[in-house]
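Notes to accompany the following structure.
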């Protein structure tokens, strides 16, 4: 994996997130907060988890291992979530654009939020983060579709077209 490939994946991630967030902007506050039978609950819980993953991985890549997770209650409204996501997206894309091919192949150490130590190759975890987002965007897309606000196709191949 090289810098050009990673940038492409992260531009896809950014595009797909925008589709989900734009569709979420159309739901009511009650729909945003409603529970659901997905692993992270409803729309808010799923999106907060997805944002947290992007934030925590970037933190780890930059040398910090946070121990606290974002909580849905930290984002009482969709606007509060979207504002925080825009901040994170800017920081994440700055990190991605500053990466080098050599750095992508390097190992880095971090601790999980539970304090468990790990060592990974950077490009593998960066690819994982986009893949992880795909799973949770699909869950959010299903909820949004049920609410009458489908985000449309969020596949990588659609982005590439």
Here the residues within the stretch 58-78 that are outside any loop (DSSP other than H, G, I, E, B) and either surrounded by 15 or more Cβ atoms within 10 Å (Cβ to Cβ) or within 15 Å of the chain's Cα centre (by Cα) (or both) are 58, 59, 60, 61, 72, 78
Looking at 23, 16, 36, which one is modelled with pLDDT under 95, in contact with a helix residue (DSSP H, G or I) (Cβ under 7 Å, 6 or more places away or on another chain) and closer than 20 Å to residue 136 by Cβ?
36
Counting only residues that are surrounded by fewer than 17 Cβ atoms within 10 Å (Cβ to Cβ) and assigned to a helix (DSSP H, G or I), the stretch 139-158 contains a total of 6
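Kindly provide the set of residues from the stretch 25-47 that are in a helix (DSSP H, G or I) and over 15 Å from the mean Cα position of the chain (by Cα), ordered by number. Break it down stepwise before answering.
Of the stretch 25-47, the ones in a helix (DSSP H, G or I) are 29-33, 43-47.
Scanning the stretch 25-47 gives 29, 30, 31, 32, 33.
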Could you count how many residues in the stretch 84-114 are exposed (fewer than 13 other Cβ atoms within 10 Å of the Cβ) and over 27 Å from residue 44 (Cβ atoms)?
7
Would the stretch 8-22 turn up any residue that is more than 11 Å from the chain's Cα centre (by Cα), within 24 Å of residue 121 (Cβ to Cβ) and surrounded by fewer than 17 Cβ atoms within 10 Å (Cβ to Cβ)?
yes
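The values are calculated or read from the model by the stated rules, or taken from the named source; none is laboratory data. Because the structure is predicted, anything quoted here is derived from the model rather than measured. We place every Cβ from the backbone using ideal geometry, glycine too, and count neighbours over all the protein chains shown.
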